[in-house]
Amino acid sequence: MEFPLKKIDIAEFLKQAETIPVVDVRSPSEFKTGHIPGAFNIPLFNDEERVIVGTKYKKEGRINAILRGIELTGSSFHHKLQAALRISKDNKILVHCWRGGMRSEAMAWLFSLGDLNTEVLEGGYKSYRHHVLSGLAEKRRVIVLGGMTGSGKTYILNHIRDHGNQVIDLEGLANHRGSAFGALGKLPQPSSEHFSNLLWEEWRKTDRDNPVWLEDESRNIGTVFMPGEFYDHLRISPTIILMMSVERRLPRLIEEYSAYPKDQLAESVNRISKRIGGDNTKDALAAIEAGDFAKAIEITLRYYDKAYLYSILKNHTGQVIHIETDTDDIEENAGKVVEASRQIILRS
C-alpha cells in the first residue's frame, strides 16, 4: 500500500491503548465472541459480507476477493470514517483485525484519509489472544478463599479488597454466582474467550510482589470456562476454607434468593434434579411454590455441601486451611480469613 502503514507489536499496542482508542475492524460476530476490553467495533465487513468475500477468496483468489469487498462496502466507507473520527483522540487511533492483514490495512488506509494517525497491531487479535493466554499461564502469588454456598465469600473478598488487598472477582467477570441459581438477576454471560480477556485485564494490573485473592470456583462458572493453565494454578495455590453451619448460612441465602420469581427458582432446581434426586426435587419445588424458601434451600444445600467437600479433596493439592466460624458477620469472618492467611507459605 502506498500510504505509510505503521505496525506495532502487542506490548507497544497495549501500552498505547491506555490512552488511545482501539478499533476492532473484524465482523460483529467475531467481536461478540471476544475482543480487547474497551475496544470499539467498526467492522470492514458485516457477518454476511465476510462469508461472501471469504468464499470469493478461496474460489477465485485475492484480487477478485478485494474487488468484491470494495463493491460490498465502498458505499459505507464514509460511515466508517465518520465513526473513527468520533472515536479518535487527538487524531490518533489504534486498529486491528484477526491477523493484522488486509482488513486492518484497508481500514488504516481509510482512516488516514481523515488525517488520523493510525497504527496497526502486528499479528492482529490472534497475537493479543496469545499474549492473554501466555500471561494467564504465568505463576503468580495467589490465595484462594473457599467455603460452602452461602458463606459470604464474595462479600468477604470485597471487604478484604476495601482494606488494601488485591482481589479479582471471578464471578463478577463471569456474570454468574457459580451454582444452578447463579444466573438469577445477572446479565448474559460473556464467552469463555472474552472472559479470559476480561480476566487478563485485571490480572495484568496486579502487583507481582503481593498476593492476589480469588474465590474458589470450579473450572466452569456457569457456561464460562477458565483457561486451563490458570485454573490448574488455582488448584495448587494455598486455599482457606470457611466452615459455617447451614443455620448460619440460611438467612443470607433466603434474603438473596427469595426475591426472585418462583418460576425462575423452580427452573434452577430442575437443572440439578438428576443430582439431588427425584424426591428431593419434588420436595424442593413444592417448598418454593408454598413460599417455604428455607426448606427449599436446605434441600439444595445438602447436595452442594456434599459436592463442595468432595471437590476440596479432589481439586486442591496445595496448602489448605480450614476455619470454623459461628457467625455470618462479614467483617469478623474477613478478619479470621486474613489472620489465617498469615499461616500461608506463599510461593511465586
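In table form, for the structure just shown:
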| item | result |
| --- | --- |
| Residues within the range 289-335 that are closer than 23 Å to ASP162 by Cα and without any contact (Cβ under 8 Å) to a residue 40 or more places away in the chain, tallied | 3 |
| Flag if ILE288 is under 15 Å from MET148 (Cβ atoms) and among the hydrophobic types (A, V, I, L, M, F, W, C) | no |
| Boolean, GLU119 is assigned by TED's automatic domain parsing to the domain that holds GLU12, surrounded by 13 or more Cβ atoms within 10 Å (Cβ to Cβ) and outside any helix (DSSP H, G or I) | yes |
| Complete set of residues in the range 234-249 that are surrounded by 20 or more Cβ atoms within 10 Å (Cβ to Cβ) and under 30 Å from HIS130 (Cα atoms) | LEU234, SER237, PRO238, THR239 |
| Residue within the range 126-135 that is in contact (Cβ under 8 Å) with a residue 24 or more places away in the chain, crowded, with 21+ Cβ neighbours inside 10 Å and under 17 Å from the mean Cα position of the chain (by Cα) present | yes |
| Residue tally, condition part of a strand (DSSP E or B) and touching a His at 6+ places or on another chain (Cβ under 6 Å), over the range 217-240 | 2 |
| Residues located in the range 139-173, provided they are of a type in the set (A, V, I, L, M) and in contact with a strand residue (DSSP E or B) (Cβ under 7 Å, 6 or more places away or on another chain) | VAL142, ILE143, VAL144, LEU145, ILE156, LEU157, ILE160, VAL167, ILE168, LEU170 |
| Pick from the range 82-113, criterion within 27 Å of the chain's Cα centre (by Cα), of a type in the set (A, V, I, L, M, F, W, C) and not in a helix (DSSP H, G or I), ranking: farthest from THR55 (Cα to Cα) | ILE93 |
| Some residue of the range 338-346 being in contact with a Lys or Arg (Cβ under 7 Å, 6 or more places away or on another chain) and at pLDDT below 95 | yes |
| Qualifying residue in the range 269-288 (condition: within 30 Å of ILE160 (Cα to Cα) and among the aliphatic types (A, V, I, L, M)) | no |
| In the range 88-107, the residues that are buried (at least 16 other Cβ atoms within 10 Å of the Cβ) and either under 22 Å from ASP47 (Cβ atoms) or among the hydroxyl-bearing types (Ser, Thr, Tyr) (or both) | SER88, VAL95, HIS96, CYS97, TRP98, GLY100, MET102, ARG103, SER104, GLU105, ALA106, MET107 |
| Hey, LEU145 in contact (Cβ under 8 Å) with a residue 60 or more places away in the chain and in contact with a helix residue (DSSP H, G or I) (Cβ under 7 Å, 6 or more places away or on another chain) or not | yes |
| Test set (1) out of contact with any helix residue (DSSP H, G or I) (no Cβ under 8 Å at 6 or more places or on another chain); (2) at pLDDT 95 or above - GLU138 fails condition number | (2) |
| Criterion violated by GLY150 - all others in (1) out of contact with any Lys or Arg (no Cβ under 6 Å at 6 or more places or on another chain); (2) of a type outside the set (Ser, Thr, Tyr); (3) under 22 Å from ARG248 (Cα atoms); (4) at pLDDT below 95 satisfied | (1) |
| Failed criterion for SER27 (all others in (1) modelled with pLDDT under 95; (2) under 32 Å from the mean Cα position of the chain (by Cα) hold) | (1) |
| Test for ILE156: is it over 19 Å from the mean Cα position of the chain (by Cα), aliphatic (A, V, I, L, M) and over 25 Å from TYR260 (Cβ atoms) | no |
| All helices (runs of 4 or more DSSP H) inside the range 250-348 with 1 or more residues being of a type in the set (Gly, Ala, Ser) and either surrounded by 17 or more Cβ atoms within 10 Å (Cβ to Cβ) or within 27 Å of the chain's Cα centre (by Cα) (or both) | 262-271, 278-290, 293-315, 330-341 |
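The values are calculated or read from the model by the stated rules, or taken from the named source; none is laboratory data. In this text the structure is predicted, and so the values were computed from the model without any measurement. When we count neighbours, we look across all protein chains shown, and the Cβ atoms used for this are built from the backbone with ideal geometry, even at glycine.
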